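Take a look at the structure below.
The values are calculated or read from the model by the stated rules, or taken from the named source; none is laboratory data. Because the structure is a prediction, the values reported are computed rather than measured. Cβ atoms come from the backbone with ideal geometry, glycine included; neighbour counts cover every protein chain shown.
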Amino acid sequence: MALIHHKDVKRRFQQQVDNAAEYVIPFIEQITAIEPNMNIMEIGCGEGGVMVPFLKKGCNVIGVELVDERAENARSFLSEYIASGKAQVINMNIYDEEALKNYKQQFDLILLKDVIEHIHNQEKFIPYLKEFLKPGGRVYFGFPPWYMPHGGHQQVCHSKMLGAMPYIHLLPVPLYKVLLKLFGEHSNTINELLEVKSTGISIERFERLVRHADYKIEKRTFYLLNPIYRFKFGWKPIVQFKWIAAIPFLRNFLTTCAYYLIRK
């Protein structure tokens, strides 16, 4: 079932651009304006599409990407901004000593769009971000809560039936592996899905880690229908109903995306 944007790099890039321009920036700007010459870092920048609307506003943006191929794609898509000195794409681990040496306390804003659910040792990572923020700097997170219907990213499966099945990622690991093998999924896909199962994050866990790291949550919005579904499927985004958003744990099962802005 792997969606077309998983294979089409240009389409994936454009979806990132459109979603950031129409939803991510307006969400952030409800709290703080995005102004020219702000220093912004995106961690896990992928093809770099999220960076484009910020670059169009005159910001200086650095993208950090671990995967070589995706970093190269980002450099290609952002070549004009890179040539002008407004953008950089760095192929490194954010924990590298060089990263901390070069970028300590440099950024007004850090972006993590669909990234935190892939990060190991989140209790270390979230406080570590403070090292890169200026005093009063902010971090934006957008992520699918783990318990939501496709929180296990099973849409990457090659089997259309399996990719469409909601909540199968919540099965115990042994049963999940058996199911994936029965449907003929490649070992690489199975390993990828099990990796997500080990790092997926709930709303409650995320907020607990943020509080323990002594951040302030300045704004949050839960979506019944993720804004990016507009660009993937043509579905209009729907903000989660207030009464569902107020019920801990249950809200995870019915919320396809959570947006947060937190402050150092």
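The single residue among 117, 185, 80 that is more than 25 Å from residue 221 (Cα to Cα) and either outside the structural domain of residue 240 (by TED's automatic domain parsing) or touching a residue at least 40 places away in the same chain (Cβ under 8 Å) (or both) turns out to be 185. The numbered conditions (1) polar (S, T, N, Q); (2) within 20 Å of residue 107 (Cβ to Cβ); (3) surrounded by 15 or more Cβ atoms within 10 Å (Cβ to Cβ) are all true for residue 14 except (2).
Inside the range 29-49, can you point out the residues that are surrounded by 14 or more Cβ atoms within 10 Å (Cβ to Cβ) and within 21 Å of residue 130 (Cα to Cα)? Within the range 29-49, 32, 34, 38, 39, 40, 41, 42, 43, 44, 45 qualify.
A quick yes/no check of all residues on (1) in the same structural domain as residue 9 (by TED's automatic domain parsing); (2) crowded, with 19+ Cβ neighbours inside 10 Å; (3) assigned to a loop (DSSP other than H, G, I, E, B):
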site: 227; (1), (2), (3): yes, yes, yes
site: 232; (1), (2), (3): yes, no, no
site: 236; (1), (2), (3): yes, no, yes
site: 247; (1), (2), (3): yes, no, yes
site: 253; (1), (2), (3): yes, no, no
site: 259; (1), (2), (3): yes, yes, no
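So if I check each of 212, 169, 158, which one is surrounded by fewer than 18 Cβ atoms within 10 Å (Cβ to Cβ), over 14 Å from the mean Cα position of the chain (by Cα) and outside the structural domain of residue 258 (by TED's automatic domain parsing)? The conditions single out 158. Taking residue 222 as the residue in question, decide whether it is in the same structural domain as residue 16 (by TED's automatic domain parsing) and either β-branched (Val, Ile, Thr) or in contact with a Lys or Arg (Cβ under 7 Å, 6 or more places away or on another chain) (or both). Against the criterion (in the same structural domain as residue 16 (by TED's automatic domain parsing) and either β-branched (Val, Ile, Thr) or in contact with a Lys or Arg (Cβ under 7 Å, 6 or more places away or on another chain) (or both)), residue 222 qualifies. Screening the candidates 88, 16, 105 for the property of being assigned to a helix (DSSP H, G or I) and either touching a residue at least 24 places away in the same chain (Cβ under 8 Å) or of a type in the set (Gly, Ala, Ser) (or both) yields one hit, 16. If you go through the range 108-142 and keep only what is part of a strand (DSSP E or B) and in contact with a Gly (Cβ under 9 Å, 6 or more places away or on another chain), you end up with 108, 109, 110, 111, 112, 113.
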